[in-house]
1. Apply the Kirkwood formula to the range 73-175: the hydrodynamic radius equals the inverse of the mean of 1/r over all pairs of different alpha-carbon atoms; give it in Å with one decimal.
2. Between the helical axis of 131-144 and the dominant principal axis of the chain, each derived from Cα atoms, what acute angle in degrees is found, rounded to the nearest 10?
3. Mind pulling the angle between the C-alpha long axis of helix 24-38 and the longest principal axis of the chain? Nearest 10 degrees, somewhere in 0 to 90.
4. Could you give the nm distance between label points at residue 111 and residue 42, where each point is 7 Å from its Cα heading toward the beta carbon?
5. Classify the range 105-145: rounded, prolate or oblate, from the alpha-carbon gyration tensor (a ≥ b ≥ c, eigenvalue square roots; a/c under 1.5 rounded; otherwise prolate if a/b is larger than b/c)?
6. Write down the Kirkwood hydrodynamic radius of the range 57-105, to one decimal in angstroms, obtained as one divided by the mean of 1/r over all alpha carbon pairs.
7. Any idea what diffusion coefficient the chain gets from Stokes-Einstein, in µm²/s, Kirkwood Rh on alpha carbon pairs, 4 °C, 1.567 mPa s?
8. Given Cβ point charges of +1 (Lys, Arg) and -1 (Asp, Glu) and nothing else, what value in debye, to the nearest 20, does the dipole of the chain about its Cα centre take?
Amino acid sequence: MRATITLTAAQQASQAARLAQVRPELAAAYGTALGRWIDDPKLLLLGLPIVTEGYRSPAEQDALYAQGRYGLLALNRLRLAAGLPAFPVGSAEARRIVTYKRGGQSHHNHQPSWALDVAHLQADGSVKWDNAALLLFSHLLLAADARIVWGADWNHNGRTDDEHFQDWPHFELVG
């Protein structure tokens, strides 16, 4: 039996808009990898890969940089100013560092973006950032274009355990 996860019209529009924000080569590689994923019923059991982020403004980047470094009040001021939702009081996520790049330093901050982030849509409509599924998707995306670097294997040596900072959902085009 084939797993079926279908995007709503709004989700399809959101995916198209996010992919329109990234470099054509990166969007094409993502499309190739997505097609290979969809053709494998076992992979689909892990969810449907979706782009959660393409272009990110410098203000959004600064708000993400503040995460894990600033107090909740200051962090939420930056998030709200950038158009991001505030963290609820006591949120453990607010204390987790998610980037080492300030606004203007990330490959997400270019138009079109040189980077995109991926998660997996589940059959129940939830979204998961599962490292095992991202590892499998990374193989397909890296095979689609050798110029892509994965955020869990920055040095491109096929290992994730030797990285200072692992950004599992992140893929960027270099060169």
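Every read-out reported here was derived from the displayed coordinates using simple, explicitly stated rules and does not represent laboratory data. Every value quoted in this text rests on a predicted model; they were computed, and no experiment measured them. Cβ placement follows ideal geometry from the backbone for every residue including glycine, while neighbour counts extend to all protein chains displayed.
1. On the way: mean 1/r = 0.0646 Å⁻¹.
Mean inverse Cα-Cα distance, inverted, gives 15.5 Å.
2. Between helix and principal axis, roughly 70 degrees.
3. 60 degrees
4. Spacing of the two 7 Å Cα→Cβ label points: 4.4 nm.
5. Values: a/c = 2.63, a/b = 1.48, b/c = 1.78.
The shape class here is oblate.
6. Values: mean 1/r = 0.0964 Å⁻¹.
About 10.4 Å for the range 57-105.
7. Details: Rh = 16.9 Å.
For the chosen part, D equals 77 µm²/s.
8. Details: 16 positive and 17 negative charges, 84 e Å.
Value, rounded to 20: 400 debye.
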